[in-house]
Amino acid sequence: MKLAFSTLGVPGLPPTDVQWLAVEHGYHGVELRTHPDEPVHPGLGAAERADIAAGFKAAGVEILGLAGYARVAAPGDDDPVLAELRALLDLARDLGAPFVRVFPGGGEQDVREADEAAARRLGVAAEYATDAGVRILLETHDSHRTGADVTRVLGLVGHRQVGALWDVMHTWLGGEEPAASYAALSPFLGYVQVKDIASADDTTPLPLGAGVLPLTECVDLLTREGWDGWLCWEYEKRWYEGIAPLPGLLRAGREHLGRLLNDAA
């Protein structure tokens, strides 16, 4: 498996510094948080996009994916959601990123209505994603927290360019065992987000291995099943300003994941 970290852990950091962190601490790639308050967002011009892509290539660091914020199950009209998806897919194509992350965001609406809205929009966007050479990944998150929730939607879509992103915290908070999450998500799985927290009641981010999430079980399972994709550490510094800075944790985090992988092998 290859290792990455998300720039959610280093809010506002310029891409050149992100590249340096990845190289310095032994990560193969990064997931770029894609939002107007970050250096990477759909408003970038062609020259800026080309410079970012060239910088990562020169550094030998892969852009794993773009962590977008489109909410595909949200109530309301389809057009704004589809426009946001197209903008993310265009940016991913230009940066050479194979994946775009989206959220469900179904809110409190009826589950069937949320599923149908998400599937409809993802089905339309899938054709655009095919042309862009990018895969859309629906994250286990918010209204669709478990693997079972996400695969309900993906089963309705039925398109190879739409898959799943397994956030191990949300499936755990949803009461789903790792084996059940993997069984549901494996036909669709793009990559896996890892993290750690103190408890179900305190989701303040912790260094990897310092909390309660079943990371060992997840890595053992993925290894046993022969899955050889990406593990991406999502450390939510952007939302928890008081926690320790990510750069000082990156080496230990990579070493912890390396030990889990070695032990699983």
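Test of understanding: among Gly158, Gly107, Gly123, Gly175, which residue is more than 19 Å from the chain's Cα centre (by Cα) and within 14 Å of Ala70 (Cα to Cα)?
Within the list Gly158, Gly107, Gly123, Gly175, the selection yields Gly107.
Tell me, yes or no, whether segment 74-97 has at least one residue that is basic (Lys, Arg) and in contact (Cβ under 8 Å) with a residue 60 or more places away in the chain.
no
When you go through Glu113, Glu127, Glu176, Glu84 one by one, which is the residue that is open to solvent by 20 Å² or more (accessible area, probe 1.4 Å), touching a strand residue (DSSP E or B) at 6+ places or on another chain (Cβ under 6 Å) and either at pLDDT 95 or above or assigned to a helix (DSSP H, G or I) (or both)?
Result of the check over Glu113, Glu127, Glu176, Glu84: Glu84.
Evaluate segment 40-53: report whether one residue or more is of a type outside the set (S, T, N, Q), part of a helix (DSSP H, G or I) and crowded, with 18+ Cβ neighbours inside 10 Å.
Yes: segment 40-53 contains one or more residues that are of a type outside the set (S, T, N, Q), part of a helix (DSSP H, G or I) and crowded, with 18+ Cβ neighbours inside 10 Å.
Whether any residue in segment 143-151 is crowded, with 21+ Cβ neighbours inside 10 Å, closer than 12 Å to Val72 by Cα and either out of contact with any helix residue (DSSP H, G or I) (no Cβ under 9 Å at 6 or more places or on another chain) or small (Gly, Ala, Ser) (or both) is what I want to check.
no
Name the pairs: first residue in segment 110-128 and closer than 12 Å to Ser143 by Cβ and among the acidic types (Asp, Glu), second residue open to solvent by 80 Å² or more (accessible area, probe 1.4 Å) and part of a helix (DSSP H, G or I), Cβ to Cβ under 8 Å, at least 6 apart or on different chains?
Between residues of segment 110-128 that are closer than 12 Å to Ser143 by Cβ and among the acidic types (Asp, Glu) and residues that are open to solvent by 80 Å² or more (accessible area, probe 1.4 Å) and part of a helix (DSSP H, G or I), the close pairs are Asp115/Arg152; Asp115/Leu156.
State whether the residues of segment 4-27 include one that is touching a His at 6+ places or on another chain (Cβ under 8 Å), hydroxyl-bearing (Ser, Thr, Tyr) and closer than 27 Å to Gly242 by Cα.
Within segment 4-27, not a single residue is touching a His at 6+ places or on another chain (Cβ under 8 Å), hydroxyl-bearing (Ser, Thr, Tyr) and closer than 27 Å to Gly242 by Cα.
So, in segment 14-37, exactly how many residues are within 18 Å of the chain's Cα centre (by Cα), closer than 12 Å to Leu250 by Cβ and not in a helix (DSSP H, G or I)?
Of the residues in segment 14-37, 2 are within 18 Å of the chain's Cα centre (by Cα), closer than 12 Å to Leu250 by Cβ and not in a helix (DSSP H, G or I).
Suppose the filter is surrounded by 19 or more Cβ atoms within 10 Å (Cβ to Cβ) and among the hydroxyl-bearing types (Ser, Thr, Tyr); does Thr140 pass it?
So Thr140 passes the test.
With open to solvent by 60 Å² or more (accessible area, probe 1.4 Å), out of contact with any Gly (no Cβ under 9 Å at 6 or more places or on another chain) and at pLDDT 95 or above as the only criterion, which of Asp220, Asp263 stands out?
Asp263
Here is a check on your reading of the model: is Asp131 out of contact with any His (no Cβ under 6 Å at 6 or more places or on another chain) and more than 28 Å from Arg259 (Cβ to Cβ)?
Yes, satisfied.
The values are calculated or read from the model by the stated rules, or taken from the named source; none is laboratory data. This structure is a prediction, so every number in the text was calculated from the model and none was measured. Cβ coordinates were reconstructed from backbone atoms using ideal geometry, including for glycine residues, and neighbour counts include every protein chain displayed. Protein only, heavy atoms only, side chains kept; ligands, DNA and RNA dropped before computing areas. Shrake-Rupley method; radii C 1.70, N 1.55, O 1.52, S 1.80 Å.
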